[in-house]
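First comes the structure, then the notes that go with it.
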Ligand code: PHE
């Protein structure tokens, strides 16, 4: 049977960028920048993206396209009878952990969408934005209901496998999202006192850097690019053999980074202008954005469109997460796709409900010193993804034959492959040493 393939460069790009751009860029990145001291964090993040993560995207694409199989099977094909496929299994676990908190934030997005929708043509109410957010997330029922709604959308899409539809929508949505963030950024820049926020983003204060900050930047780079858990391996398996993998990876990394930086530029100046603490945490975007909407004519209408698109951006990410587990479970346990998706979604929803409750009634329940929500976030982004990435580069750099890697990198020698030397050096030495160093520093401190 002939395997599905993307329609070409643009098709793959839309899928990869769709997975990469999501709540990670618009929700997680701005609040991490705020918590970790601004410009210095951004610089480390950018260095990780360009020096370490870009070669890892290429590596994942190479594994996927070479094997033309799902994450776990890919390793079984390329390295039969070895334990390498554990990387795939850990990826499946990471997907689950990410969904266990990501879907809760997806639920918050829906709640904000719903509230802007009811007040479509009235002025946004900015009198009590902090307490509106706190009331939502600490409520025992409302956010869980929205999480369920969010999960139903995802399950439905993955169940019916309407990849074509998603591709088609993403092609329109991504440019619109881009345009809207630019409008928000301009609004934010023109607020009195915005300059402080811009300064916070561009003037690095290196004294704020410590192990935790570096780990957060590394984790965010992996998280934002959907790396280290097999997503890009799966997508790589659908890439036609004539496409240039390094060009694709570069364009994906640049687009994702652009969205993150723009989100930062839209949020931070407003944070300072409104006198909100940059340390606010996960609520930052939800507290700041409505205040910017209030400055725009027909602000609630704008908010509705914005939250719809944010919702879709979140969905295109969750689909890629859900697909990783679904592909594995259906093949491994020979389970029907519909049943597999239903079961996985149910399990995710149960865990997500606990994450949600940990913002309120279960606040005191701690796993390794963190709330349940923070635990899933920390475990996946800061530990499982970088660890997955480490083993992926070790696999491509040290286990696979150099000639195989070169073949995929240059499309069987038809591309020049000028940068192959640099790429190979990074995945063999630089990336493994850098990731290991971050972990060692963390453990030994
Ligand atoms: N990259 C996605 C985002 O930024 C989240 C994600 C992580 C998706 C890992 C898939 C895999 O929102």
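FYI, it's all coordinate maths here, none of it is from the lab. Quantities reported herein were computed from a predicted structural model and do not represent experimental measurements. Don't worry about glycine lacking a Cβ; one is built from the backbone with ideal geometry, like all the others, and counts go over all protein chains shown.
Which percent of Cα pairs goes in each bin when the distances of the chain are cut into 10 angstrom slices starting at zero?
So the P(r) values, bin by bin, are 4, 22, 33, 27, 12, 3, 0.
Counting alpha carbon pairs within less than 8 Å and at least 6 residues apart, what relative contact order, in whole percent, applies to the chain?
For the chain, the relative contact order is 35 percent.
Please compute the length gained on full extension between residue 208 and residue 81, using 0.36 nm multiplied by the number of residues separating them and subtracting their Cα-Cα distance.
41.1 nm
Which of the peptides 143-156, 72-85, 36-49, 227-240 is most tightly packed, and how do the rest follow, judged by the mean count of other Cβ atoms within 10 Å per residue?
227-240, 36-49, 143-156, 72-85
In deg cm²/dmol, rounded to 500, what helix-only [θ] at 222 nm does the chain give when every DSSP H run of at least 4 residues adds -39500 (n - 2.57) and the total is split over its residues?
Rounded to the nearest 500, the figure is -22500 deg cm²/dmol.
Run the simple label-point estimate for residue 444 and residue 172 please: 7 Å along Cα→C-beta, distance reported in nm.
5.5
Can you tell me which of 334-340, 429-435, 363-369, 267-273 comes out highest on packing, and rank the rest after it, using the mean Cβ neighbours within 10 Å?
In descending order of packing, they fall as 267-273, 429-435, 334-340, 363-369.
Between residue 338 and residue 241, what length in nm is gained on full extension when 0.36 nm per residue of separation is reduced by their alpha carbon distance?
31.8 nm
Given labels modelled 7 Å from the Cα in the Cβ direction, how far is it in nm from residue 331 to residue 68?
1.3
Could you tell me how far the Cα centroid of segment 396-445 sits from the Cα centroid of segment 311-377, in Å?
Between the Cα centre of segment 311-377 and that of segment 396-445, the gap is 31 Å.
With springs only between Cα atoms under 10 Å, which of 207, 139, 246 fluctuates most in a Gaussian network model of the chain?
Comparing 207, 139, 246 in the GNM, the peak value goes to 207.
What nm value, rounded to one decimal, do you get for the distance between residue 130 and residue 199 when each label is placed 7 Å out toward the C-beta?
2.3
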